[in-house]
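Novice: Right, I'll just put the structure down here and ask away after.
The values are calculated or read from the model by the stated rules, or taken from the named source; none is laboratory data. Computed from a prediction, not measured in an experiment: that's the story for all the values here. A quick note on method: Cβ atoms are made from the backbone with ideal geometry, for glycine too, and the neighbour counts reach across all protein chains shown.
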Amino acid sequence: MQRNLKKSYRFAFKTALYVTLIASTLMSVFLYVFHTLDWEFVIFPIACYITCFIVIQFRVEYFIYRRVKRIYDDLTLLESSDLRQKHITTDMKTLTQQIDEYAKNKKIEIETLKVREEYRKEYLGNVSHELKTPLFTIQGYIETLLDGAMEDENLRNKYLNRASKGVERLSYIIKDLDMITKLEVGDLSLNIEVFDIVELVQNVFDLFEMKAAKSKITFTFDTEYQKPIYVKADKERIQQVLTNLVVNSIKYGHQNGTIEVSIENLIKNKVIVRVTDNGEGIDEEHLPRLFERFYRVDKSGSRRQGGSGLGLSIVKHIIEAHKERIYVESELEVGSEFSFTLEKAK
């Protein structure tokens, strides 16, 4: 790419000044010793400086220009987005600063790409594993039926039901993947409305009351809310957030445990919703990655519990799509608390 060079006169200016001073000093000494020094000698430094400046700027600097331009072109420095709109300078100090800045930015970019590459590999491996498990289950049951088990009506119904559950899990994973992709690229629109968050929590409690009862887990509020608490959000998505958090608390809760929800005023126009349980808890080392896609705290245990491994990641993206924050605190064998903020309706 051809680019115009922004010439620097600093080198020629300083060099011409040094040459002029040295030449003038030598000439003055010479004239003082061998001739009479008069006022006409003042013409010499001026003429010497102008001559030196022209020679240096248009000869020596031209020599540097060509090589500096070659540095830019050969290293494709101009293709860097942060330098694309800048002039090419031939000043050595400025050029060095630009190259150092370019190298620093490239180093950061390379490190970022390495992290992303590791994340991509891990993500693809997790997706492959999550999809492979139900696919192999379905394949195994179907092949067994084709190999002769079809004739046994009881066995046929049993295997078809299990294969159907495998298909349901596969559909669930694909649905969650589609949702999280839309959330990440911003394609999933939110239907913002005003609703009572206390009523919504109670609806989620009612929905999973039987599931919690199997583990003898009790749902409760931290206090009796006499009045509605209205918030401004996408009701369906917030219900999905509460559902994921409550279901997780049931999965990893202890027998005869409790799941408590509290709704508190955070600041003037914000409330914070807390979902607290006294279940297994999460080790502190896992907390920073807890909201990553497919991240498993206990791979073997979570596989037995089922699920797509995307629940908490979806929760985080839904809350962030509302421009709100989600937090987690947990301690092993003590329990966990997930909390998120919402805008209070006026």
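Novice: Scan region 262-293 residue by residue and report those that are among the charged types (D, E, K, R), closer than 29 Å to Val127 by Cα and in a loop (DSSP other than H, G, I, E, B).
Specialist: Within region 262-293, Glu280, Asp283, Glu292, Arg293 qualify.
Novice: Residues of region 192-217 being charged (D, E, K, R) and under 33 Å from the mean Cα position of the chain (by Cα), which ones? Show your work before the answer.
Specialist: Of the residues in region 192-217, the ones charged (D, E, K, R) are 193, 196, 199, 206, 209, 211, 214, 216.
Listed by number, the residues that qualify are Glu193, Asp196.
Novice: Provide a single number: the residues in region 241-270 that are surrounded by fewer than 17 Cβ atoms within 10 Å (Cβ to Cβ) and among the hydrophobic types (A, V, I, L, M, F, W, C).
Specialist: Looking only at that region, the number is 2.
Novice: Answer yes or no as to whether Leu183 is closer than 29 Å to Glu280 by Cβ, within 31 Å of the chain's Cα centre (by Cα) and of a type outside the set (Phe, Trp, Tyr). Even if it seems obvious, please write down each step before you answer.
Specialist: Working: closer than 29 Å to Glu280 by Cβ: yes; within 31 Å of the chain's Cα centre (by Cα): yes; of a type outside the set (Phe, Trp, Tyr): yes.
Against the criterion (closer than 29 Å to Glu280 by Cβ, within 31 Å of the chain's Cα centre (by Cα) and of a type outside the set (Phe, Trp, Tyr)), Leu183 qualifies.
Novice: Moving to a separate point now. Which members of region 271-291 meet the condition of being in contact (Cβ under 8 Å) with a residue 40 or more places away in the chain, acidic (Asp, Glu) and surrounded by fewer than 19 Cβ atoms within 10 Å (Cβ to Cβ)?
Specialist: If the condition is that a residue be in contact (Cβ under 8 Å) with a residue 40 or more places away in the chain, acidic (Asp, Glu) and surrounded by fewer than 19 Cβ atoms within 10 Å (Cβ to Cβ), then Asp283, Glu284 are the ones that fit.
Novice: Any residue in region 139-156 that's within 20 Å of Arg169 (Cα to Cα): show its pairings with residues that are surrounded by 12 or more Cβ atoms within 10 Å (Cβ to Cβ) and basic (Lys, Arg) at Cβ separation under 6 Å, as long as the two are six or more apart or on different chains.
Specialist: From residues that are within 20 Å of Arg169 (Cα to Cα), the pairs are Tyr141/Arg162.
Novice: So, of the residues in region 86-114 that are modelled with pLDDT of 75 or more and of a type in the set (Val, Ile, Thr), which turns out to be farthest from Ile173 (Cα to Cα)?
Specialist: Ile108
Novice: Let me ask something else. So how many residues does region 285-333 have that are more than 18 Å from Tyr172 (Cα to Cα), at pLDDT below 90, over 21 Å from the mean Cα position of the chain (by Cα) and of a type outside the set (Ser, Thr, Tyr)?
Specialist: Going through region 285-333 one residue at a time, the tally reaches 6.
Novice: Another one. Of these, Lys214, Lys235, which one is in contact with an Asp or Glu (Cβ under 9 Å, 6 or more places away or on another chain) and assigned by TED's automatic domain parsing to the domain that holds Ser313?
Specialist: One residue alone meets the criteria, Lys235.
Novice: Among the numbered conditions (1) within 30 Å of the chain's Cα centre (by Cα); (2) surrounded by 14 or more Cβ atoms within 10 Å (Cβ to Cβ); (3) without any contact (Cβ under 8 Å) to a residue 24 or more places away in the chain, tell me where Ser189 comes up short.
Specialist: (2)
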